[in-house]
Amino acid sequence: MHVNPVTVDVIAIDGPSASGKGTVAQMVAERLGFHYLDSGAIYRAAAHAAQQAGLDLENAPALEQEIAAVAGAMELRFADGLILLANRDVGSQLRTEGCGREASKIAALPAVRAALLQRQRDFRQAPGLVADGRDMGSVVFPDAALKVFLTAGVEERARRRALQLAAAARPDDPKRLIGKENSGNIDALFAAVLDDLRARDERDSKRAVAPLAQLRDARLLDTSGLSIQQAVQQVLAWTREVQSGEAQSGNPQNGNPQNAISHGR
Ligand code: DC
């Protein structure tokens, strides 16, 4: 069902790569019964589609218009936990570190961002939306009812991502890769992931258009010492706070009816 977007609540969760914002956003959406937008997956899909179309992303800036055209036209659907590009499940290809790097490159191009803007806004459907990315609160949903900047130290993020990659590489016995006898492997993986995350942080936060940054109206959630459950609980607590603020004033926050959070369970 499509509802006039201005009446639908949005919780915007922005933050750097591997901060855990995707997991937290998804769990918050589940708890509230809201829709979920993984905007990074849209940038990853655009990078993948551009490569499939034969565009060399090493020269991304020179191919800005061509990449934007592919991004705008790609046939992308999220269905039952799958990510379908032209009806093919590309979920596992999109989740690779390489695809994340390519996505970060094309995401710096203004024409690509413009081509993907409405596609993201279309996720704003009743009863509400939890959206995660880099510019959810600043550009895509500037009137979001709640804005969260979710982050963790770069070393902590690299540690989490390296453990995830190690577990994915050996699903039968993840500890083999992270045990003492293989500590060289995990150390090397950690070092590579750390370098990669630093480069992506730099690119995502220094770009001219929609850079990653904590907004003045966003609440900071540093998950360095927190479990996922604790981070989810904090976002839910803030959501309740926004809701009760609205209830007390009889009006949504800032007196702006576009921001209303009136759902949840
Ligand atoms: O969240 P992620 O790692 O899946 O995102 C992949 C890349 O896409 C990220 O390095 C930067 C870009 N991105 C963006 O520029 N804006 C967004 N809203 C989401 C992702």
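Brief remarks on what is shown
- Against the conditions (1) assigned to a helix (DSSP H, G or I); (2) modelled with pLDDT of 90 or more; (3) within 25 Å of residue 106 (Cβ to Cβ), residue 165 satisfies every one except (2).
- Candidate set from segment 26-66 (those that are within 11 Å of the ligand (Cβ to nearest atom) and of a type in the set (Gly, Ala, Ser)); member that is most open to solvent (accessible area, probe 1.4 Å): 40
- Matching entry among 69, 79, 86 (being farther than 13 Å from residue 45 by Cβ, open to solvent by less than 70 Å² (accessible area, probe 1.4 Å), over 18 Å from the mean Cα position of the chain (by Cα) and not hydroxyl-bearing (Ser, Thr, Tyr)): 69
- Output for segment 138-148, where each listed residue is of a type in the set (Val, Ile, Thr), more than 11 Å from residue 211 (Cα to Cα) and within 13 Å of the ligand (Cβ to nearest atom): 140
- Residue in segment 91-101 that is in contact with a Gly (Cβ under 7 Å, 6 or more places away or on another chain), open to solvent by 30 Å² or more (accessible area, probe 1.4 Å) and within 14 Å of the ligand (Cβ to nearest atom) present: no
- Considering residues of segment 105-137 that are closer than 24 Å to residue 59 by Cα, near the ligand (Cβ under 10 Å from one of its atoms) and among the small types (Gly, Ala, Ser) only, the residue most open to solvent (accessible area, probe 1.4 Å): 108
- Pairs with Cβ under 6 Å, 6+ apart, first in segment 213-230 and part of a loop (DSSP other than H, G, I, E, B), second among the hydroxyl-bearing types (Ser, Thr, Tyr): 215/138
- The strands (runs of 3 or more DSSP E) falling completely within segment 51-153 include none with 3 or more residues that are of a type in the set (Ser, Thr, Tyr), under 24 Å from residue 14 (Cα atoms) and at pLDDT below 95.
The values are calculated or read from the model by the stated rules, or taken from the named source; none is laboratory data. What you see is a predicted model; the values in this text were computed from it and never measured. All Cβ positions, even for glycine, are placed from backbone atoms using ideal geometry, and neighbour counts span all protein chains on display. Surface areas here come from the heavy atoms of the whole protein model, side chains and all, with no ligands, DNA or RNA. Shrake-Rupley method; radii C 1.70, N 1.55, O 1.52, S 1.80 Å.
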